[in-house]
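Everything on this sheet refers to the single structure shown next.
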Amino acid sequence: MSIKIKIQNIQTYLSTIAFFALFPGFFFYQFSIAKGYFPPVLGGYFGLVAAFLFIPLFFINIKVFMKKQDLIVAIFFLILGLTFIVSIIQYSLQNPNGYAKEIFVWSISGLLFNLVAFMVAARLNLNLVARLGCWLLFLMFLAVILNIGDYGIFYLRQGAGDVAEYVSTYQGFARSIVVTLLITSAFYFRASIRFYLLILLGFVALFFNGARSEFAIFVLTIAFMYLIYSMTSIKTAIGFLLFAFIVTFTVVSVLDFVPDSRMLQLLDITNSSSAESRTELFMFSLELIKNNPLLGEYAGYVELGGIGSYSHNILSAWVNLGLLGFTLYFLMFLLLWRDALLNFVRYKNFDLFKVYLIFLVFVTGSLLVSKNHSYMLVGLLLGFYAQYKNFIKGLK
């Protein structure tokens, strides 16, 4: 029994170390090379570190892959398998013409990141991550507000000089902030003043970071969490209204000091350049699906503007993986929401459930309006779901 416990501890701490390396570690590595503190010896960092971690993470999770899977997790693995098969077939056919290698690398990278994220979340020590994450989030907050550039945002690539090609965009930095923020805010949700301080730091950091999607979706995620928890508590309902007032007042006050920030486009989202671009990509994806509704048109969007011209929503799954891929995604999220809502009253105060729920809300919102089907936070969500289910089984 003691040997089994020690093995489980090793597995948990390895996953936790991997989390800190991949998410907060990415932020501080990118920040350091952009500021010239040390050279980009690890390139862009995330892909190399994820590939390095894959083998040890796979080894400690091999029993998870060997045993009979929960239906939702099984669907997730089916999606990864379908992605791999489609990518191999299309690459062998050199589709799309002129972009075959780039799209293949993009697809396989998305598969790898999702699998690594799943393995990390499935055994993550949430208590340790939440406690250390508070301090790391504070450091990220300081790094952001002390390095706001000419356009009212934290955009280090602009002044990185010769190493600019290795420095992430604001979206990469936002990923590290928001993942850490989601876990810590769920873990301390309504528990103490620490939660409200975390939310305030997170809002400010995401706002000045400049990633509009992450900022807006996180705000809506916290609002949803408060709303659903207020259904079972008058105290929470009052707290939600007070919190909403404070956030609104803070945002309005901050706007007076950042008149040139691109984040102001959130106030007129329908006329923003981002909204116009995404509408064009969305309509083009619908056209691709209409032309081949069964199989989609793998990476057909490249003719519109290269490999980054995919639909920034779940329709990207239909385009790249066909109707089967889209149906699997739809079914997986339908079952996730069914599980979350049916078990909310029973498990709403469990830390694992709160983390699973907050990621479910955030990832769902992201796939509806912002991210493509290979979004790595899908892997994190399914990993947290798997850990939560294993925890529940242990209670029975």
Look through the stretch 277-303, keep the residues that are more than 22 Å from TYR375 (Cβ to Cβ), assigned to a helix (DSSP H, G or I) and not polar (S, T, N, Q), and return whichever of them is modelled with the lowest pLDDT.
GLU303
Pick out the one residue from ASN127, ASN97, ASN147, ASN114 that is under 20 Å from PHE20 (Cα atoms), among the polar types (S, T, N, Q) and more than 18 Å from the chain's Cα centre (by Cα).
ASN127
Can you find even one residue in the stretch 121-143 that is farther than 26 Å from GLY44 by Cβ, of a type outside the set (Phe, Trp, Tyr), part of a helix (DSSP H, G or I) and free of Cβ contacts under 8 Å to residues at least 12 places away in the same chain?
yes
Pick from the stretch 304-324, criterion of a type in the set (Gly, Ala, Ser) and outside any helix (DSSP H, G or I), ranking: farthest from VAL361 (Cα to Cα)
GLY306
Within the stretch 27-72, count every residue that is outside any helix (DSSP H, G or I) and on the phi < 0 side of the Ramachandran plot.
13
Looking only at residues in the stretch 164-181 that are among the aliphatic types (A, V, I, L, M) and surrounded by 15 or more Cβ atoms within 10 Å (Cβ to Cβ), which one is modelled with the lowest pLDDT?
VAL167
Does the stretch 188-207 contain at least one residue that is closer than 14 Å to LYS348 by Cβ, of a type outside the set (S, T, N, Q) and touching a helix residue (DSSP H, G or I) at 6+ places or on another chain (Cβ under 6 Å)?
yes
Yes or no: the stretch 192-206 includes at least one residue that is surrounded by fewer than 23 Cβ atoms within 10 Å (Cβ to Cβ) and in a loop (DSSP other than H, G, I, E, B).
yes
Which residues, taken from the stretch 190-213, are in contact (Cβ under 8 Å) with a residue 12 or more places away in the chain and of a type in the set (A, V, I, L, M)?
LEU198, ILE199, LEU200, LEU201, VAL204, ALA205, LEU206, ALA211
Filter the stretch 36-55 for residues that are exposed (fewer than 15 other Cβ atoms within 10 Å of the Cβ) and not aliphatic (A, V, I, L, M) and give the result.
GLY36, TYR37, PHE38, PRO39, GLY43, GLY47, PHE52
Checking ILE103, ILE79, ILE75 in turn, the sole residue that is in a helix (DSSP H, G or I), out of contact with any Leu (no Cβ under 6 Å at 6 or more places or on another chain) and modelled with pLDDT of 90 or more turns out to be ILE103
What tally of residues in the stretch 103-136 results from selecting those that are in contact with a Ser or Thr (Cβ under 8 Å, 6 or more places away or on another chain) and among the charged types (D, E, K, R)?
1
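The values are calculated or read from the model by the stated rules, or taken from the named source; none is laboratory data. For clarity, every value in this text was computed on a predicted model and none was experimentally measured. Because the Cβ atoms are built from the backbone with ideal geometry, glycine has one as well, and the counts that use them run over all protein chains shown.
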